[in-house]
Amino acid sequence: MKRSTAGPGEWVRFARTLLLGAGAAFLLSGIVFFFAFNWASWHRFVKLGTAAGLLTVTGLSGLFLPLRGHLRPVILIAAVALIGVLLAVLGQAYQTGADSFDLFLTWSLFALPWVALVHFAPLWLLYAVVLNLTLVTYTRQVSEELGFVAIGLLLFVLNTLLWLVVWLWGRRRPAFGWLLKLLALWAATNVSVAISSGSFDEDPVWLGLTVGLGLTVYAGWAVLSVRQRTVYYLAVTGGSVLLTVTFLLLRLADNSLAYLLAGTLVLTGVTVLANRLNRLSEGWRTTPQEGVPDSDTNSDDANTGVAVKVLSGIGGFFASLLFLLFLWIADLINRPVVASALGAVLVVATILLGRNPRQAFLATITVCGYLVGVGLTMVGLPPEVTDQQLVIPVVVIAVATLVFTRNYFLVFLAVVSLPACLLYLYLVNPTFIYVDLAVVFTALALVSFNLLEPRVSTHPSFPAVRTGLACGLLMVLLFYRWGNWMADLPQTYYAEAPAAISLYLLSVIVLWRSIPRAWAIGAGLVILPLTLLPLLLGSLLLLLASFRNRHFVGIGLGASGLLYFTAQYYYDLRWTLLDKSFVLMGSGLALLALYTLLQRKFTRSESN
């Protein structure tokens, strides 16, 4: 019987990966911050020599030292990143920093041999980012006459070529699968935005080239999906076409009726597309392809479910916005009685419709009706209701949804709306206790739900609640970072102490329940300094809790949060840039030292 939680061997591999990845990221970020400090007392040759020396040592270490596992590609990623640091220092020393295009172009040229030699997907992703930045800066600094559609076409061509190169070299390598899907999604986004947003302001020649090339690539992806029996590319192309046609409709008919037609188009199109993709996937699953292992089939099934869920959820959300805009522009929601009555009917109907979780083809309609119903209910409330009291009907609807429905999307929305209510209360009445409560409430619910997973994993709402809590925690952490755009967030450690201490204690509880006691105590001491950085600590808690129960969505969200908030640490004004560089470099070296000790210990154990 398969374990519901990660075993000791998995935790060892996880610890190695986390220590290596976090240590390298912290050390590299510290080096970047160090040179960004712009030392006025240093001669330019000292700056350049230091940067070049770091690059040389890192590159030679990655090429010639006898390294094991992922240590070599991680060091080579650092070397490629240090190429950019050296070029930035060069621009800083000779005052050429304004010419970003030359920096990224030179970076991409010098990094190409490293990328060609090292078949490591994260390194290729970094190189793809550098190439995209090179093209963007070229259109902004060199060819400023290029229009929006032309820029979108160039980005689409670039990322399609990158996808083709990765597919030719890495299609038989499972580690490159996520990179192929990410590049395809980004390329489709480029062409969709270019056509839908700039098509009426540009030369028709560029528009025709963009449409023709986009349809050609989409046809190729459709053929590839059929041959590989995966619906991901069909979902991407279908969603892209629907999005483009919808925006074109809004641009052609700029009136209230256009929003009604566009909402109907999205609702109908996504519902039919999701239904067809589900049936196609079921047909492929019932007739296995010769020569394809069962593990690959199961992986494709899981990817199919995620792709269709994301397509249905985004389609329902987008359609609900269009319908609400239609009601608002047409002045049909200024009658509170009508709005509240219609909203209540829609909420009740969608909750009852969602009691059968197997009605996947109704997912988009259910999400759209639910969101429109909640919106109309809020609009229809009497004016005597205060801003703080607006959260009461949202909480009531969320609780009713959790009790009476089994629909994945409705349960997900209900879970996420609960911490969102606390954040809304802070915006209405800026008392930081609301933000602390949102952090503590969401983190406590996530940890409790993960620890109780063996008892609740058979419940139909379990997957949606688990994903909703993971997304809710990341949402609250992002509010910590960006909430000051809407209200002033305090920049003091005292105000953050309740949330930081709670996150730390919950992280220790997860470790205590997952690994041997001695290792849990040691890990608790290692993460203790993160109480000064609650955003990183919250992301780490999300990563630990998700890994414990093999929740891959939560693992991805936690890892993304760690990377993002490490980069955002640059803007923390409570520290000087030099202090932050020393803290990051010291932390990175400490984590890499722990990785080395752990690697040696378990390498000896495995050899014995």
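The values are calculated or read from the model by the stated rules, or taken from the named source; none is laboratory data. Quick caveat, the model's predicted, so the values are computed rather than measured. Ideal geometry is used to build each Cβ from the backbone, glycine not excepted, and the neighbour counts take in all protein chains shown. Quick note on the areas: whole protein, heavy atoms, side chains included, nothing else; ligands and nucleic acids left out. Shrake-Rupley method; radii C 1.70, N 1.55, O 1.52, S 1.80 Å.
Would you mention how many residues in region 254-282 are outside any helix (DSSP H, G or I) and among the hydrophobic types (A, V, I, L, M, F, W, C)?
At the first step, the residues of region 254-282 found to be outside any helix (DSSP H, G or I) are 254-255.
Next, from what is left, pick out any that are among the hydrophobic types (A, V, I, L, M, F, W, C): none.
Count: 0.
For THR401, state whether it is on the phi < 0 side of the Ramachandran plot, open to solvent by less than 50 Å² (accessible area, probe 1.4 Å), modelled with pLDDT under 80 and assigned to a helix (DSSP H, G or I).
no
Do we have any residue at all in region 537-559 that's touching a Leu at 6+ places or on another chain (Cβ under 7 Å), part of a helix (DSSP H, G or I) and of a type in the set (S, T, N, Q)?
yes
Run ASP201 past the list (1) open to solvent by less than 20 Å² (accessible area, probe 1.4 Å); (2) modelled with pLDDT under 75; (3) not polar (S, T, N, Q) and report the number of the one that doesn't hold.
Of everything listed in (1) open to solvent by less than 20 Å² (accessible area, probe 1.4 Å); (2) modelled with pLDDT under 75; (3) not polar (S, T, N, Q), ASP201 misses just condition (1).
Take the residues in region 273-297 that are open to solvent by less than 80 Å² (accessible area, probe 1.4 Å) and β-branched (Val, Ile, Thr); name whichever of them is modelled with the highest pLDDT.
THR287
Before we move on, is VAL374 modelled with pLDDT of 90 or more and open to solvent by 10 Å² or more (accessible area, probe 1.4 Å)?
Criteria not met by VAL374.
Would you please name the residue that is most open to solvent (accessible area, probe 1.4 Å), looking only at residues in region 303-326 that are polar (S, T, N, Q) and at pLDDT below 80?
If we take residues in region 303-326 being polar (S, T, N, Q) and at pLDDT below 80, then ASN303 is most open to solvent (accessible area, probe 1.4 Å).
Just a yes or no: is a residue in region 530-538 in contact (Cβ under 8 Å) with a residue 60 or more places away in the chain and buried (at least 20 other Cβ atoms within 10 Å of the Cβ)?
Yes, region 530-538 contains a residue that is in contact (Cβ under 8 Å) with a residue 60 or more places away in the chain and buried (at least 20 other Cβ atoms within 10 Å of the Cβ).
Consider only pairs whose beta carbons are under 6 Å apart and that are at least six residues apart or on different chains; among these, list those whose first residue lies in region 27-40 and is modelled with pLDDT of 80 or more and whose second residue is hydroxyl-bearing (Ser, Thr, Tyr).
What qualifies is SER29/THR566; GLY30/SER581; PHE33/SER581; PHE34/SER581.
Do you know which of the residues in region 336-368 that are in contact with a Gly (Cβ under 6 Å, 6 or more places away or on another chain) and open to solvent by 30 Å² or more (accessible area, probe 1.4 Å) is modelled with the highest pLDDT?
So, considering only residues that are in contact with a Gly (Cβ under 6 Å, 6 or more places away or on another chain) and open to solvent by 30 Å² or more (accessible area, probe 1.4 Å), the one modelled with the highest pLDDT is LEU346.
What's the number of the only condition in (1) of a type outside the set (D, E, K, R); (2) open to solvent by 40 Å² or more (accessible area, probe 1.4 Å); (3) without any contact (Cβ under 8 Å) to a residue 24 or more places away in the chain that SER417 fails to meet?
(2)
Looking at LEU162, LEU213, LEU249, can you tell me which residue is outside the structural domain of TYR370 (by the TED database) and in contact (Cβ under 8 Å) with a residue 40 or more places away in the chain?
The conditions single out LEU213.
Out of the residues in region 130-155 meeting the condition of being of a type in the set (Gly, Ala, Ser) and part of a loop (DSSP other than H, G, I, E, B), tell me which one is farthest from the chain's Cα centre (by Cα).
The extreme case among them is SER143.
Given the options ASP300, ASP331, name the one that is acidic (Asp, Glu), over 27 Å from GLY238 (Cα atoms) and either modelled with pLDDT under 85 or open to solvent by less than 20 Å² (accessible area, probe 1.4 Å) (or both).
Details: ASP300 fails: over 27 Å from GLY238 (Cα atoms).
Testing whether each residue is acidic (Asp, Glu), over 27 Å from GLY238 (Cα atoms) and either modelled with pLDDT under 85 or open to solvent by less than 20 Å² (accessible area, probe 1.4 Å) (or both) leaves just ASP331.
Being open to solvent by 40 Å² or more (accessible area, probe 1.4 Å) and of a type in the set (A, V, I, L, M, F, W, C) narrows it down to one residue among VAL456, VAL447, VAL394; which is it?
VAL456
Count, please, the residues in region 453-480 that happen to be closer than 19 Å to PHE404 by Cβ and assigned to a helix (DSSP H, G or I).
6
Please pick out the residue among GLY152, GLY147 that is modelled with pLDDT of 80 or more, touching a Gly at 6+ places or on another chain (Cβ under 8 Å) and closer than 24 Å to ASP102 by Cβ.
One residue alone meets the criteria, GLY152.
Can you tell me which residue is nearest to TYR127 (Cα to Cα) among those in region 164-176 that are open to solvent by 20 Å² or more (accessible area, probe 1.4 Å) and not in a loop (DSSP other than H, G, I, E, B)?
Step one: filter region 164-176 for residues open to solvent by 20 Å² or more (accessible area, probe 1.4 Å), giving 164-165, 167-169, 171-175.
After this cut, where a residue has to be not in a loop (DSSP other than H, G, I, E, B) as well, the list is 164-165, 167-169, 174-175.
Numbers: LEU164: 15, VAL165: 13, TRP167: 15, LEU168: 17, TRP169: 15, PRO174: 19, ALA175: 16 Å.
Going through the qualifying residues, I end up with VAL165.
Of everything in region 165-179 that's touching a Leu at 6+ places or on another chain (Cβ under 8 Å) and touching a residue at least 12 places away in the same chain (Cβ under 8 Å), which residue is farthest from THR134 (Cα to Cα)?
Pass one, region 165-179, residues touching a Leu at 6+ places or on another chain (Cβ under 8 Å): 166-167, 170-171, 179.
Going one step further and asking which of them are touching a residue at least 12 places away in the same chain (Cβ under 8 Å), we end up with 166-167, 170, 179.
Working: VAL166: 19, TRP167: 22, GLY170: 24, LEU179: 20 Å.
By that ranking, first place goes to GLY170.
The rows are residues; the columns are (1) open to solvent by less than 20 Å² (accessible area, probe 1.4 Å); (2) within 24 Å of GLY313 (Cβ to Cβ); (3) at pLDDT below 90; (4) more than 22 Å from the chain's Cα centre (by Cα).
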position	(1), (2), (3), (4)
VAL157	no, no, no, yes
TRP178	no, yes, yes, no
LEU182	no, yes, no, no
ALA187	yes, yes, no, no
SER197	no, yes, yes, yes
VAL217	no, no, no, yes
ARG227	no, no, yes, yes
SER256	no, no, yes, yes
TYR259	no, yes, yes, yes
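On the basis of being closer than 21 Å to ALA187 by Cα and at pLDDT 80 or above, does SER240 make the cut?
Spelling it out, SER240 is indeed closer than 21 Å to ALA187 by Cα and at pLDDT 80 or above.
Going by what's in this entry, would THR442 be described as over 30 Å from LEU540 (Cβ atoms), touching a Leu at 6+ places or on another chain (Cβ under 7 Å), part of a helix (DSSP H, G or I) and polar (S, T, N, Q)?
Criteria not met by THR442.
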